[in-house]
Amino acid sequence: MTTAALPRGITITALTKRYGDTQALAGLDLAVLPGQILGIAGPNGAGKSTLVRILSGEATPDTGVITIDGRRWTARDGIDRVAVVHQEPQLFPNLTVADNLLVGREGSRLGWPHSRPADDEILQQVGLAGVRDHTVGSLPLAMQQRVEIARALVQRADVFLFDEPNSALTEHESAELFAQMRALADAGRCVMLVSHRLGELAAYAQRVVIIIDGRAQTELSGEEISEERIARELVVGRSGATETLRPGAVGGGEVILELTKWTERGGAFRDLDLRIHAGEVLAIVGVEGSGGRELVRSVAGFERADGQMMLAESGSSRSGDRVVYLTGDRSESLFDNLSVGENLYLRVVKRLTTRLGYLRRGQAETGAAQAKDEFLVKAASLSLPIRSLSGGNQQKVAIAAALTVAPHLFAVEEPTRGVDLGSKAEIYRLLREFCSRGSSVLMYCTEDSEVFDVADRVCVMADGRIADVLSVSDYGDAESLAEAIAGLAGSDLIPAAP
Amino acid sequence: MTASATSSPSASSASPGGGARLPLREFGRTAGLVLTIVLVMALFAIVSDGKFLQPDNLLGMLRYMSTLAIVGLGLTVVLVVGEIDLSFGAVYGFSGMITAVAWISWGWNVGIAIGFAFLCAIVVGIFNGFFTTVTKIPSFIATLGSSILVFGFTLLVSGSGTYTPRQPGPGRTMNEQQVDWFYGLSNQNLPLGLPMGAIWMLGVALIFWYLLSKSLFGFRLKAIGGNPIAANFAHLPVRRYKLWAFVICAVAACLAGVLVFSFISTVQPDSGANLLFPTFAAVVIGGASLSGGRGTVIGTLLGCLLLAILNNGLALIAAGAFLQQIFIGAVTIGAVVLDQATQRWRRDA
């Protein structure tokens with residue numbers, strides 16, 4: 001859409017990158033123009049972070065061409081010209097703000113380096129002059145991010161990547177951050193904003209590119225950009241849509257879990273009332289910081305919350321086994337030093353132990369072999385190291401290990417994060433099967449299409465409260481559901497555009 | 001599905017097709033260590049003109065190994081659960097000393113004195129475990145602190161003196177029966193002149209083998225050491241197991257301390273100082289990882305054997321204490337580097 005004489009900015013053509021058996025980028029085309037904020041949206045695992053890592057010089061692409069201001073890009077450009085502002089600032093918390101700006105450009109080999117007048121000007125510019133001599137670790141997160149911006153400015157960076165920068169900021173802090181972003185763009189720099197918060201993309205970006213499965217699927221600009229439109233494109237663009245697995249309306253079954261005035265101690269969510277019935281999959285959606293993730297954890301006892309939690313009784317299970325929890329991050333759910341089989345039976349070994357503490361490995365292996373077949377884990381042997389399996393199969397092992405406990409409630413975060421499409425469909429089927437035996441699933445989702453494919457109801461969280469609970473069967477297609485969710489999840493989080 | 005996991009062992013084969021990779025890797029490591037030991041022994045045998053293979057020499061070596069192994073197995077348990085213990089040397093020194101002081105100076109029955117030593121060791125283990133798991137001090141610091149603390153107590157109770165039951169000092173007489181019984185703990189006429197220490201080592205090794213390889217405890221210990229965060233999410237008793245690991249390590253060190261006192265019939269306050277680094281070297285050579293989740297009884301035993309061989313062989317060829325240190329340091333680093341290199345090679349292959 002721009003046909004300037006000089007090819008300014010960054011042009012990316014047919015970029016590919018493969019990690020093991022995951023194709024993170026599969027021919028990505030993208031143009032970043034100076035003077036505007038480019039929004040990047042896409043589901044988890046779509047390749048957004050890989051793109052960020054390549055542009056910042058942390059990773060090298062397999063194939064493809066990147067040019068900057070008309071000439072070939074090198075990894076050196078990534079280091080010299082690109083600044084990444086992370087959700088977790090990567091700074092030196094033990095040094096002062098001024099010293100943080102000096103690291104890497106001390107300029108003297110002897111003695112403690114001295115700050116330069118130009119640095120103070122930049123601190124003034126980003127509003128940090130008042131805390132110049134404070135240690136970075138003592139500052140609030142929002143200010144730390146500004147230190148990151150200042151650090152990039154003194155290094156004369158002219159490409160700024162904001163990677164989910166405000167997931168832990170307050171509304172007011174976010175607004176200030178966006179004002180900074182705007183100022184950077186107005187000064188003729190390239191600004192990219194990667195975000196799950198569609199409302200913010202709609203409010204601040206001049207162009208929005210939707211990345212799905214490692215490709216730029218859609219580009220929206222100007223009037224086309226709206227929160228609902230982005231949500232719809234995110235769902236439309238997903239490949240190989242599976243047919244829905246919901247058995248139809250499930251209602252009025254036994255109540256498995258009931259929360260009353262459920263309030264997290266740290267304030268992530270407040271006064272929630274929620275019920276989960278036997279046999280249903282209840283999805284929790286909401287941007288990071290909405291309290292959705294914390295809600296799922298709190299039900300399993302891994303976030304402290306007050307209020308009332310009623311859990312269905314059962315003769316067979318001990319209370320510890322009634323709720324089983326699985327994180328979205330496989331590095332926190334699998335044991336690298338154990339085999340596939342050991343990972344599968346880890347949660348049930350206590351039942352296979354004699355009174356003298358002898359572990360009946362034979363029986364455990366038999367059970368693991370059955371679980372492996374039942375959960376469609378593709379592994380040549382149970383004694384292979386767990387990390388030798390593909391991501392999808394690792395995730396199936398993690399889910400199988402949790403479900404062999406036979407809990408009443410399976411509390412899970414992002415059950416298909418970083419998983420290939422085939423495995424995704426299989427995991428959805430396994431979750432439905434689990435529910436068909438009278439148990440329930442409470443899952444935190446970041447993808448609307450996942451909600452449509454597997455959930456019965458969806459609880460939309462915004463700002464620590466339940467915005468609404470929708471019945472998925474009221475929506476004929478994933479797109480209309482996504483629009484409805486987007487309308488609920490983002491609205492009161494977005495500060496007015498400047 | 002729970003039902004299938006727990007109560008129907010008849011269905012489906014336990015080991016469906018494919019190679020047994022993890023056990024195979026373990027076997028490869030053990031075989032490599034055995035091969036190294038054989039080569040080093042052959043080398044010493046040649047260089048020392050056969051002196052190395054004299055029965056007396058081999059038996060002496062076995063005795064040193066048994067002390068190292070009893071302490072090393074305790075350390076292995078702590079390393080498997082992903083922690084570190086620097087206090088076992090001090091506990092080893094304290095145990096011999098408190099037994100001697102309580103028995104000789106305070107006039108307690110020797111059995112009660114030994115029991116008291118074990119009680120003290122358990123207290124140190126709980127102390128280490130408490131500060132590591134409850135107040136969440138890194139175990140490196142917690143056990144460094146307790147090590148100095150315990151050594152201080154050793155000096156305090158002993159008045160920095162040396163104790164020998166046969167010479168209890170002026171004005172004291174010892175119960176001969178008790179003295180004989182105590183010496184008998186590690187001085188018996190065994191066939192082939194085998195040292196009693198070897199029998200103790202064998203017993204301890206069997207217990208630890210059951211504990212680490214056959215029991216629920218060992219399995220969970222390994223899981224916790226491999227990924228403490230995941231272990232917590234899976235409702236494994238992370239703190240309790242770590243506490244147990246520290247207690248087990250302290251008790252093993254205590255046993256070794258009492259046995260060595262019994263064998264050499266005299267005890268000095270600083271006897272534990274020379275044990276710390278050789279034990280770490282032996283256990284690491286044996287394949288235990290300082291980052292947790294790895295470590296076996298057979299590995300630790302072989303590591304202790306290799307270290308005993310080096311210790312003995314280098315002394316035999318009159319290499320001198322300095323060269324001995326240099327050599328053992330180099331072997332320790334070499335073993336770990338080699339282990340990591342073969343792992344990487346296996347991954348790439």
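Output the residue which, of all residues in the range A:20-72 that are open to solvent by less than 10 Å² (accessible area, probe 1.4 Å) and in a loop (DSSP other than H, G, I, E, B), is modelled with the lowest pLDDT.
A:46
From (1) touching an Asp or Glu at 6+ places or on another chain (Cβ under 6 Å); (2) in a loop (DSSP other than H, G, I, E, B); (3) at pLDDT 90 or above, pick out the condition that doesn't hold for residue A:268.
Among (1) touching an Asp or Glu at 6+ places or on another chain (Cβ under 6 Å); (2) in a loop (DSSP other than H, G, I, E, B); (3) at pLDDT 90 or above, the lone unmet condition for residue A:268 is (3).
If you scan the range A:73-94, which residues turn out to be closer than 30 Å to residue A:130 by Cα and open to solvent by 40 Å² or more (accessible area, probe 1.4 Å)?
The answer is A:79, A:80, A:81, A:87, A:88, A:90, A:92, A:93, A:94.
Taking the range B:141-161, which residues are exposed (fewer than 14 other Cβ atoms within 10 Å of the Cβ) and in a loop (DSSP other than H, G, I, E, B)?
The answer is B:159, B:160.
Which condition number does residue B:192 fail, the rest of (1) in a helix (DSSP H, G or I); (2) in contact with a helix residue (DSSP H, G or I) (Cβ under 6 Å, 6 or more places away or on another chain) being met?
Among (1) in a helix (DSSP H, G or I); (2) in contact with a helix residue (DSSP H, G or I) (Cβ under 6 Å, 6 or more places away or on another chain), the lone unmet condition for residue B:192 is (2).
What tally of residues in the range B:229-243 results from selecting those that are in contact with a Gly (Cβ under 8 Å, 6 or more places away or on another chain) and closer than 20 Å to residue A:344 by Cβ?
So the count comes out to 1.
Does at least one position in the range A:421-430 carry a residue that is in contact (Cβ under 8 Å) with a residue 24 or more places away in the chain, closer than 26 Å to residue A:487 by Cα and crowded, with 22+ Cβ neighbours inside 10 Å?
Looking through the range A:421-430, none of the residues is in contact (Cβ under 8 Å) with a residue 24 or more places away in the chain, closer than 26 Å to residue A:487 by Cα and crowded, with 22+ Cβ neighbours inside 10 Å.
Looking at the structure I just gave you, is residue A:418 of a type in the set (Gly, Ala, Ser), on the phi > 0 side of the Ramachandran plot and touching a residue at least 40 places away in the same chain (Cβ under 8 Å)?
yes
Restricting to the range A:367-381, name every residue that is open to solvent by less than 30 Å² (accessible area, probe 1.4 Å) and more than 7 Å from every other protein chain (Cβ to nearest Cβ).
Selection gives A:368, A:372, A:375, A:377, A:379.
I need the full set of residues from the range B:195-237 which are assigned to a loop (DSSP other than H, G, I, E, B), within 12 Å of chain A (Cβ to nearest Cβ) and buried (at least 19 other Cβ atoms within 10 Å of the Cβ), in order please.
Of everything in the range B:195-237, those that are assigned to a loop (DSSP other than H, G, I, E, B), within 12 Å of chain A (Cβ to nearest Cβ) and buried (at least 19 other Cβ atoms within 10 Å of the Cβ) turn out to be B:227, B:234, B:236.
Give me a count of the residues in the range A:415-428 that are within 15 Å of residue A:374 (Cβ to Cβ) and modelled with pLDDT of 90 or more.
Total satisfying the criteria: 1.
Can you name the residue in the range A:77-133 that is touching a helix residue (DSSP H, G or I) at 6+ places or on another chain (Cβ under 6 Å) and of a type in the set (S, T, N, Q) and, of all such residues, is nearest to residue A:9 (Cα to Cα)?
Filtering first and then ranking leaves A:100.
Which of the following residues is more than 14 Å from chain A (Cβ to nearest Cβ) and open to solvent by 40 Å² or more (accessible area, probe 1.4 Å): B:280, B:263?
B:263 is the lone residue from the list that is more than 14 Å from chain A (Cβ to nearest Cβ) and open to solvent by 40 Å² or more (accessible area, probe 1.4 Å).
For the range A:459-479, which residues satisfy the criterion of being open to solvent by 50 Å² or more (accessible area, probe 1.4 Å), free of Cβ contacts under 8 Å to residues at least 40 places away in the same chain and in contact with a helix residue (DSSP H, G or I) (Cβ under 7 Å, 6 or more places away or on another chain)?
Of everything in the range A:459-479, those that are open to solvent by 50 Å² or more (accessible area, probe 1.4 Å), free of Cβ contacts under 8 Å to residues at least 40 places away in the same chain and in contact with a helix residue (DSSP H, G or I) (Cβ under 7 Å, 6 or more places away or on another chain) turn out to be A:468, A:475.
Residues in the range A:390-414 that are of a type in the set (A, V, I, L, M, F, W, C), more than 9 Å from every other protein chain (Cβ to nearest Cβ) and in contact with a Phe, Trp or Tyr (Cβ under 6 Å, 6 or more places away or on another chain): how many?
Looking only at that region, the number is 1.
Can you tell me which residues in the range B:156-210 are touching a residue at least 60 places away in the same chain (Cβ under 8 Å) and of a type in the set (Ser, Thr, Tyr)?
The answer is B:158, B:160, B:162, B:163, B:164, B:183, B:186.
Out of the residues in the range A:325-341 that are assigned to a loop (DSSP other than H, G, I, E, B) and open to solvent by less than 10 Å² (accessible area, probe 1.4 Å), which is farthest from the other protein chains (Cβ to nearest Cβ)?
A:328
Could you check the range B:99-148 and list, in sequence order, the residues that are under 30 Å from residue B:177 (Cβ atoms), hydrophobic (A, V, I, L, M, F, W, C) and touching a residue at least 60 places away in the same chain (Cβ under 8 Å)?
Within the range B:99-148, B:100, B:101, B:103, B:104, B:110, B:114, B:117, B:118, B:120, B:121, B:122 qualify.
Which number in (1) surrounded by fewer than 20 Cβ atoms within 10 Å (Cβ to Cβ); (2) more than 8 Å from chain B (Cβ to nearest Cβ); (3) in a helix (DSSP H, G or I) marks the one condition that residue A:344 misses?
Failing condition for residue A:344: (1).
For the range A:358-366, check the following and say yes or no: at least one residue is within 7 Å of another protein chain (Cβ to nearest Cβ) and in contact (Cβ under 8 Å) with a residue 24 or more places away in the chain.
Taking every residue of the range A:358-366 in turn, at least one turns out to be within 7 Å of another protein chain (Cβ to nearest Cβ) and in contact (Cβ under 8 Å) with a residue 24 or more places away in the chain.
From the list A:387, A:417, which residue is more than 14 Å from every other protein chain (Cβ to nearest Cβ), basic (Lys, Arg) and either under 20 Å from residue A:196 (Cα atoms) or not in a strand (DSSP E or B) (or both)?
So the residue among A:387, A:417 that is more than 14 Å from every other protein chain (Cβ to nearest Cβ), basic (Lys, Arg) and either under 20 Å from residue A:196 (Cα atoms) or not in a strand (DSSP E or B) (or both) is A:417.
Within the range A:402-414, count every residue that is within 20 Å of residue A:276 (Cβ to Cβ) and either modelled with pLDDT under 90 or part of a loop (DSSP other than H, G, I, E, B) (or both).
Total satisfying the criteria: 5.
The values are calculated or read from the model by the stated rules, or taken from the named source; none is laboratory data. Computed from a prediction, not measured in an experiment: that's the story for all the values here. Counting neighbours? That spans all protein chains shown, and the Cβs are built from the backbone with ideal geometry, glycine included. Only protein heavy atoms, including side chains, enter the accessible area calculation; ligands, DNA and RNA are left aside. Shrake-Rupley method; radii C 1.70, N 1.55, O 1.52, S 1.80 Å.
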